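Okay, structure first, notes after.
The values are calculated or read from the model by the stated rules, or taken from the named source; none is laboratory data. Here the structure is a predicted model, which means the values were calculated and not measured. Cβ: placed from backbone, ideal geometry, glycine included. Neighbour counts: every protein chain shown. We work out accessible area using only protein heavy atoms, side chains counted, and drop any ligands, DNA or RNA first. Shrake-Rupley method; radii C 1.70, N 1.55, O 1.52, S 1.80 Å.
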Amino acid sequence: MKPKVTFCGAAGTVTGSCYLITFGERRFLVDCGMFQGAKTLKQLNYEPFPFTPSEIDFLLLTHAHIDHSGLAPRLIKEGFAGPVYATEGTRDLLSFMWPDSGHIHEFEVQDMPVTVALEQRGKAKVEPIYTKQEATIAVESVEVVDYDVWFEPAPGMRARYWNAGHILGSASIELELFDGGGQPIRVLFSGDIGPDHKQFHPDPEGPEGVDYLVCESTYGGRSRKELAPDARRKALAKVVNEALQGGDGVLVIPAFSVERTQELLSDLDVLLMSDAIGGPLVFLDSPLAINATKTFAAHLDALEDVDGRKPFSHENFVFTPEVAESKRINNFTSNVIIIAASGMCDAGRIRHHLKRRLWQKATTVLMVGYQAKGTLGSLLLAGKKNVRIQGEAIKVAATIKEFEAYSAHADAESLVDWVKDRMPVRGGVFLTHGNPEALGAFRHDLIEAGFDPDRITVPAIDDVFDIGHDGLDRRQPEKKRLTVDIAEGLDWHNDLAQLSLDIREALEDAADERSRQVVLRRLKRALEEK
């Protein structure tokens with residue numbers, strides 16, 4: 001009786017982490033995350049699951065990030081009735097992250113131009129993936145498990161959580177599956193692996209000597225210069241002072257609500273106390289980030305590198321949970337730092353601040369986290385001079401910078417070292433949770449480190465494998481929902497948005513009305529010839 005693993009997400013892509021394990025009569029999931037990035041990829045969040053939710057026995061969550069947990073409320077909404085196992089930190093974060101996600105789904109559907117267009121054409125209205133109320137109810141399904149303690153989610157198997165050093169509550173999950181014979185089949189799901197010496201958390205841990213390892217590859221092929229805390233803060237102070245221009249500029253920071261925001265606040269607290277950046281007001285403009293910060297404050301005794309401080313309570317920090325408070329930030333034209341979600345600029349209040357300030361030269365936008373291809377954040381980093389935000393064309397005059405000293409992910413060298421520390425891996429390594437370039441680079445690095453290339457597999461979405469002590473066998477999937485080349489690149493939605501910007505720019509730059517008509521006629525002719 002071999003276990004079967006189906007890669008339902010984060011395979012050939014960075015997001016949508018979800019693995020279905022079938023073992024005898026048991027069917028369970030490790031993670032159930034949302035797809036993020038290009039619209040073609042995000043559309044998978046609305047499509048049917050590649051399994052029947054009511055047939056799933058239990059769900060094991062590695063951590064609270066929405067790309068690992070965000071479809072669990074929908075899973076429960078559609079019939080899943082089993083327990084959701086997670087650490088205490090993950091449970092506490094999910095208590096507001098899931099309801100916030102549900103609120104966003106409701107708002108986006110109400111505000112979605114396509115919803116209005118569909119109704120006008122007499123087609124079915126787009127429904128939210130789940131509501132705030134449904135997400136609140138889903139939190140009741142979470143059962144807390146401790147690190148380093150074996151538990152039995154079902155007969156014939158047991159699980160153990162290891163601290164992954166990624167965010168508050170994050171874990172790698174070790175499974176032992178007993179087939180009635182000798183030694184159990186041991187499988188380790190990495191979740192997201194944090195870097196060594198990360199702010200707040202210990203170095204990532206894990207067991208040695210597993211049969212199969214499913215490992216994330218987010219930063220495969222990418223190296224970062226690791227900075228000590230003092231060096232990181234010094235580098236941040238330089239960026240802040242350049243952006244504020246002696247009090248005349250504005251710094252806008254799109255930041256992930258969980259972990260990245262709290263790291264920034266902690267470092268800004270130190271810089272403000274030492275007068276390294278003067279005295280700007282720091283607006284935290286995200287209800288989700290505010291709640292996450294309160295949760296971190298409640299877990300302060302579990303955080304490292306705090307040194308007895310209250311890092312989220314400086315008098316210059318202004319939390320703005322209400323919409324009216326958020327709008328008043330527009331009245332500040334200089335010497336302010338605005339931290340808002342989302343980190344990839346694809347949702348949330350950050351889009352309003354970017355609409356308000358991207359076209360102003362006094363603005364600096366600082367990217368402090370990973371930007372998936374197809375997101376607004378990735379387009380800004382690529383140097384686009386015109387972007388579309390909520391249907392409006394916005395010129396980019398602001399300075400766009402990237403600051404990589406913060407990362408919740410291990411870089412290329414650290415990933416290889418982490419895998420080597422899990423040796424021996426007897427059956428094979430599956431590389432997931434990365435774009436095609438990162439996956440290829442990580443595979444190459446593992447081979448260079450001495451791993452057998454025949455034991456390294458890079459699955460695509462919906463690939464299925466039987467795993468056993470005698471090796472693995474690839475099965476033919478019943479259905480393929482997405483091809484890898486579409487999954488992570490810029491899709492036709494991105495191309496259409498860019499084309500519309502190019503057309504508008506060409507029309508505005510045309511010499512006169514006659515020239516504009518010529519451009520429009522050529523476009524019309526091209527459409528007629530399709």
* Length gain on complete extension for the stretch residue 510 to residue 107, per 0.36 nm per residue less the alpha carbon to alpha carbon distance? -> 141.2 nm
* To do: Return the loop-located trypsin sites (Lys or Arg not before Pro) in the range 352-414 (DSSP other than H, G, I, E, B) with at most 13 other Cβ atoms within 10 Å of their own Cβ; answer none if there are none.
  => 361, 385
* To do: Return the distance in nm (one decimal) between the two label points of a simple spin-label model at residue 88 and residue 395, each offset 7 Å from Cα along Cα→Cβ.
  => 5.5 nm
* So what are the range 1-69's ellipsoid semi-axes, whole angstrom, largest first, if each one is the square root of 5 times an eigenvalue of the alpha-carbon gyration tensor? -> 22, 12, 11
* Asked: Okay, which of the range 91-112 sit inside 18 Å, backbone N to the point 7 Å along the Cα-Cβ direction of residue 298?
  -> 91-101
* So which cysteines of the chain have no other cysteine's Cβ under 4.7 Å from theirs? -> 32, 215, 345
* Protein-only accessible surface order, largest first, of 162, 98, 359 at 1.4 Å -> 359, 162, 98
* Asked: Can you list the HN-Hα couplings for the range 164-180, worked out from phi with the Karplus curve (6.51, -1.76, 1.60; θ = phi - 60°), rounded to whole Hz and with x for Gly and Pro?
  -> 8, x, 9, 9, 3, x, 6, 8, 9, 10, 9, 10, 10, 10, 9, 9, x
* Of the listed pairs 39/132; 355/384; 42/294; 395/524; 77/480; 294/401, which have alpha-carbon separations greater than 18 Å here? => 39/132; 42/294; 395/524; 77/480; 294/401
* Structure fact -> Of every hundred units of 1.4 Å-probe accessible area on the range 260-398, the number belonging to carbon and sulfur atoms, as a percent, is 51 percent
* To do: Take peptides 470-478, 181-189 and line them up by average Cβ neighbours within 10 Å, highest first, as a rough protection proxy.
  => 181-189, 470-478
* To do: Pop the C-beta distance of residue 310 and residue 423 into the FRET formula with R0 = 51 Å and round what comes out to the nearest 0.05.
  => 0.75
* **1.4 Å probe accessible area per residue over the chain, in Å²** => 43 Å²
* To do: Sort 339, 503 by accessible area with a 1.4 Å probe, largest first.
  => 503, 339
* To do: For residue 43 and residue 281, compute 0.36 nm times the residue count separating them, minus their Cα-Cα distance, and round to one decimal in nm.
  => 81.8 nm
* Segment residue 473-residue 331, length gained on full extension (0.36 nm per residue, minus Cα span) -> 45.0 nm
* With a 10 Å radius around each residue's Cβ, average the other Cβ atoms per peptide and rank 53-66, 451-464, 136-149, highest first. => 53-66, 451-464, 136-149
* Asked: How large is the helix-only mean residue ellipticity at 222 nm for the chain, computed as the sum of -39500 (n - 2.57) over DSSP H runs with n ≥ 4, divided by its residue count, in deg cm²/dmol to the nearest 500?
  -> -10000 deg cm²/dmol
* **Using distinct alpha-carbon pairs, which all enter the 1/r mean, Kirkwood radius of the chain in Å** => 24.3 Å
* About the Cα centre of the chain, how large is the charge dipole given +1 on each Lys and Arg Cβ and -1 on each Asp and Glu Cβ? Please answer in debye to the nearest 20. => 2240 debye
* To do: Treat each spin label as a single point 7 Å out from the Cα along the C-beta direction, and report the residue 382 to residue 502 distance in nm.
  => 1.2 nm
* Structure fact -> Whole-Hz Karplus couplings 3J(HN,Hα) for the range 146-156, θ = phi - 60° and coefficients 6.51, -1.76, 1.60, Gly and Pro as x, run 8, 5, 6, 10, 5, 9, 10, x, 6, x, x
* List the residues whose amide H sits under 5 Å from the amide H of residue 397, counting only those 5 or more places along or on another chain, with H placed 1.01 Å from N in the peptide plane. => 359, 360
* To do: Taking all pairs of distinct Cα atoms, average 1/r, flip it, and tell me the Kirkwood hydrodynamic radius of the range 286-433 in Å to one decimal place.
  => 18.3 Å
* Dipole magnitude of the range 230-382 about its Cα centre, charges +1 at Lys/Arg Cβ and -1 at Asp/Glu Cβ only, in debye to the nearest 20? -> 720 debye
* Asked: Does anyone have the angle between helix 88-111 and the longest principal axis of the chain? Alpha-carbon axes, 0 to 90°, nearest 10?
  -> 50 degrees
* Asked: Using 7 Å Cα-to-Cβ label points, what is the residue 196/residue 522 separation (nm, one decimal)?
  -> 5.7 nm
* To do: With both partners inside the chain, how many of the DSSP beta bridges are antiparallel, as a percent to the nearest 5?
  => 50 percent
